[in-house]
1. Please indicate, with yes or no, whether at least one residue in the stretch 113-128 is under 28 Å from P35 (Cβ atoms), touching a His at 6+ places or on another chain (Cβ under 7 Å) and not hydrophobic (A, V, I, L, M, F, W, C).
2. Would you confirm whether or not the stretch 82-93 contains a residue that is out of contact with any helix residue (DSSP H, G or I) (no Cβ under 7 Å at 6 or more places or on another chain), surrounded by fewer than 14 Cβ atoms within 10 Å (Cβ to Cβ) and over 18 Å from A144 (Cα atoms)?
3. If I ask for residues that are surrounded by 19 or more Cβ atoms within 10 Å (Cβ to Cβ) and either within 14 Å of T84 (Cα to Cα) or among the hydroxyl-bearing types (S, T, Y) (or both), which ones from the stretch 118-150 would you list?
4. Looking at G100, G76, G65, can you tell me which residue is closer than 28 Å to Q27 by Cβ and either assigned to a loop (DSSP other than H, G, I, E, B) or not charged (D, E, K, R) (or both)?
5. Being buried (at least 20 other Cβ atoms within 10 Å of the Cβ), touching a residue at least 12 places away in the same chain (Cβ under 8 Å) and under 14 Å from the mean Cα position of the chain (by Cα) is the requirement here; does L111 meet it?
6. Out of all the residues in the stretch 52-77, which are crowded, with 21+ Cβ neighbours inside 10 Å and more than 21 Å from K17 (Cβ to Cβ)?
7. Filtering the stretch 93-124 down to residues that are at pLDDT 95 or above and polar (S, T, N, Q), which residue is nearest to V138 (Cα to Cα)?
8. Answer yes or no as to whether S119 is out of contact with any Pro (no Cβ under 6 Å at 6 or more places or on another chain), without any contact (Cβ under 8 Å) to a residue 60 or more places away in the chain and over 20 Å from P20 (Cβ atoms).
Amino acid sequence: MEGVKFNVTQPRQAKNKTVPTGASVEQFLNAVENPVRRRDCRAVMAFMAAETGETPKMWGPSIIGFGRYRYAYPSGQQGEMPLTGVSPRKQSLVLYIMPGFQGCAELLERLGKHKTGKSCLYINKLDDVDNDVLRQLVRESVRAMRAKHEAS
């Protein structure tokens, strides 16, 4: 192997695609085909704005985010994400409950028809869920994120 040169580079960090874009939230919403999904998204946005005290901003091509928090992984990768957010997807309305759902069993039991992912709450329409419980989930999520991270 004498004389062989190896190209040693630092591993590349994945680039976060979920960043504020400056795109118009209103234009994005106006392009949502499903009128119920569009209406429900506006209602969720209203209480997310009230709970965070923040104005909505587009994060990536399809997430309407409120506020922001900074994170850092042990690997050194850092970034920002919205404190909470919503996206009117084709299949469902997705709410971003950033700390996840650990410790939320009682609220989720009272919520109504929904599905969850790691930090995603999927609902078909607001009529399927208890809106007071939904708002409480968002409120507690935002409170937890602000307590844990450098957040606005």
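1. Yes, the stretch 113-128 contains at least one residue that is under 28 Å from P35 (Cβ atoms), touching a His at 6+ places or on another chain (Cβ under 7 Å) and not hydrophobic (A, V, I, L, M, F, W, C).
2. Taking the stretch 82-93 first, the residues out of contact with any helix residue (DSSP H, G or I) (no Cβ under 7 Å at 6 or more places or on another chain) are 82, 85, 87, 89-92.
Filter once more, so that each one left must be surrounded by fewer than 14 Cβ atoms within 10 Å (Cβ to Cβ): 90-91.
Filter once more, so that each one left must be over 18 Å from A144 (Cα atoms): 90-91.
Yes - at least one qualifying residue is present in the stretch 82-93.
3. Keep residues of the stretch 118-150 that are surrounded by 19 or more Cβ atoms within 10 Å (Cβ to Cβ), which gives 121, 123, 129, 134, 137-138, 141-142, 145.
L121, L134, L137, V138, S141, V142, M145, listed by residue number.
4. Numbers: G100 fails: closer than 28 Å to Q27 by Cβ; G76 fails: closer than 28 Å to Q27 by Cβ.
Matching residue, one of G100, G76, G65: G65.
5. no
6. T52
7. T116
8. Against the criterion (out of contact with any Pro (no Cβ under 6 Å at 6 or more places or on another chain), without any contact (Cβ under 8 Å) to a residue 60 or more places away in the chain and over 20 Å from P20 (Cβ atoms)), S119 does not qualify.
The values are calculated or read from the model by the stated rules, or taken from the named source; none is laboratory data. Not measured: the values here are computed from a predicted model. Every residue, glycine as well, gets a Cβ built from its backbone with ideal geometry; the counts of neighbours run over all protein chains shown.
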